[in-house]
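Input: a single structure, listed below in structure tokens.
Where a number appears in this text, it was derived from the coordinates with a stated rule and is not lab data. Since this is a predicted model, take the numbers as computed values, not measurements. Neighbour counts are summed over all protein chains in view; Cβ atoms, including those assigned to glycine, are modelled from backbone coordinates with ideal geometry.
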Ligand SMILES: Nc1ncnc2c1ncn2[C@@H]1O[C@H](COP(=O)(O)OP(=O)(O)O)[C@@H](O)[C@H]1O
Ligand SMILES: [Mg+2]
């Protein structure tokens, strides 16, 4: 073997792009991961629309219009649990040890992870939207409304993702990350206005639902798709994702650089 | 390529690392000259991995200092990372990607672009006998193939020092031989190799010098021959026809030879240091006189297992 010298050091940006490429490759090789991501929301959409839709909203078509924006929120929030699991898996395999012993920008692997997450949110979101359209959902605000809603959706996914990256960095077993993640998320997602308006709920529950950030996100998504969104609703929906990014991003970076 | 001043590839002084109350590395000094294969031999939990992670900048020491290829761990960690490569105890590959994609990923991270990165990956695949599996996902690789790819992934750029943490643990004998050949080839091309192992035979086979580590401390260091002679030149191995007499026979041998007797794991053989052939003969005679039936005996040099026993008072654990 003849010695191979080191080429000029690549830029931090080039390092990050390389990790983004890794995320894209993963989609090519493991397309079934998308199946996990979209199966539950598809089931929910179908079940709720056809079983409860008529009773809840008068017709299945009207209900679908109401449900779909919230299902999109549910999809990206549940998705971010999987990215925490993926991180925990990678860390357990020693893969990140190799990355950390390379002379590269220390946060590049992480930037790549975010690229993968955004792609996953986008693809899963588009699949759900596609199914909604096939079932007859017609967002009144048309394409601009849908694009606006998707930008908000990605911001929600990006913001909530930090929480699960923290879990992924702290917990060695991916299954525990998943169990913990869903334990926290189930009440948040179901005690929200995703499936029904809280009007008929008992007062204490309605108080919770009205304050639940998931409800704010859902309302803003609905309004964007309906073309009735105000700056206030959108800001309210963004409050939690922004707060989480500000608080948790530094925590994630610190945990990531910390030795294990 | 690297800083070639001086001859030490690794120079460590008093390196320490604790996890809570546990001193995983309790003050280790080490000098490894350039171009050598150096083995760190120790049982599970001895602190081998932790020591290697300190040298690879993956963990920072609580005390002590070290230079790798002339770069100081504390003041120039990035220069150290540029001069080393590490193949950890557990495969550090992306199982979902193909072997070739794993190598291209790393080649790009090192700074090879486009075509050059692909060419580097293909060269390594053919050098490591993996060309046929280039387009298969790593999760479908055998243990031996994985290990080879993992080592190839450490050689994108020829490192000054290659750290190999238990490179053959869990491999079958054929795969192990293949990895051994690879390691010898690397050292032949001038790469310094620091490897850890629980296999005494592996250290003996590969390394010019061996450091024996136990409970975070270096308890001996030298060539395999030096370690053996430090412990004693000759060992008497005795197998009894009737295993029931093992305890009594142990007593006879210890009285006769004045050294502690070691039993093998299967309780079929006794080994004890014998200063001279005459002393060994006298001990066998005494055994026979005491009524033991000796099925087999031999006088040989100590195995590293016996070296380890003599140094620590406990046999190395065999579980991985
Ligand atoms: N990250 C860690 N946290 C706590 N204890 C650890 C950690 N890493 C290693 N140890 C402990 O340090 C000791 C040495 O471990 P290690 O260096 O892995 O030994 P070896 O590689 O020789 O088997 C063991 O007792 C192990 O349990
Ligand atoms: Mg180890």
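If you go through segment A:88-96 one residue at a time, do you hit one that is at positive phi and within 14 Å of chain B (Cβ to nearest Cβ)?
So far as segment A:88-96 goes, yes, one or more of its residues are at positive phi and within 14 Å of chain B (Cβ to nearest Cβ).
Is it the case that residue A:24 is within 14 Å of chain B (Cβ to nearest Cβ) and without any contact (Cβ under 8 Å) to a residue 12 or more places away in the chain?
Taking the combined requirement at face value, the residue does not satisfy it.
Go through segment B:147-157 and give me each residue that's within 11 Å of chain A (Cβ to nearest Cβ) and either within 16 Å of ligand 2 (Cβ to nearest atom) or surrounded by fewer than 20 Cβ atoms within 10 Å (Cβ to Cβ) (or both).
B:150, the sole residue that qualifies.
What number of residues within segment B:154-172 are assigned to a loop (DSSP other than H, G, I, E, B), closer than 15 Å to residue B:206 by Cβ and within 16 Å of ligand 1 (Cβ to nearest atom)?
Residues meeting the conditions: 4.
Considering only residues that are within 21 Å of residue B:242 (Cβ to Cβ) and assigned to a loop (DSSP other than H, G, I, E, B), which ones fall in segment B:259-302?
Those that are within 21 Å of residue B:242 (Cβ to Cβ) and assigned to a loop (DSSP other than H, G, I, E, B): B:261, B:264, B:265, B:266, B:267, B:268, B:290, B:291, B:292, B:293.
Can you find even one residue in segment B:198-217 that is assigned to a strand (DSSP E or B), within 16 Å of ligand 1 (Cβ to nearest atom) and surrounded by fewer than 20 Cβ atoms within 10 Å (Cβ to Cβ)?
So far as segment B:198-217 goes, yes, one or more of its residues are assigned to a strand (DSSP E or B), within 16 Å of ligand 1 (Cβ to nearest atom) and surrounded by fewer than 20 Cβ atoms within 10 Å (Cβ to Cβ).
Is it true that residue A:153 is under 15 Å from the mean Cα position of the chain (by Cα) and surrounded by 22 or more Cβ atoms within 10 Å (Cβ to Cβ)?
Taking the combined requirement at face value, the residue satisfies it.
For segment B:39-49, how many residues meet the condition of being within 13 Å of ligand 2 (Cβ to nearest atom) and buried (at least 24 other Cβ atoms within 10 Å of the Cβ)?
6
Look at residue B:36 and say whether it is farther than 21 Å from residue B:195 by Cβ and more than 16 Å from ligand 2 (Cβ to nearest atom).
In short, no.
Kindly indicate which of B:56, B:63, B:107, B:116 is surrounded by fewer than 22 Cβ atoms within 10 Å (Cβ to Cβ) and under 30 Å from residue A:8 (Cβ atoms).
B:116
Among the residues that make up segment B:74-91, is at least one of them in contact with a strand residue (DSSP E or B) (Cβ under 8 Å, 6 or more places away or on another chain), farther than 30 Å from residue B:199 by Cβ, assigned to a loop (DSSP other than H, G, I, E, B) and more than 7 Å from chain A (Cβ to nearest Cβ)?
yes
Need the failing condition index for residue B:123 against (1) more than 21 Å from residue A:20 (Cα to Cα); (2) more than 9 Å from chain A (Cβ to nearest Cβ); (3) surrounded by 15 or more Cβ atoms within 10 Å (Cβ to Cβ), just the number.
The single condition residue B:123 does not satisfy is (2).
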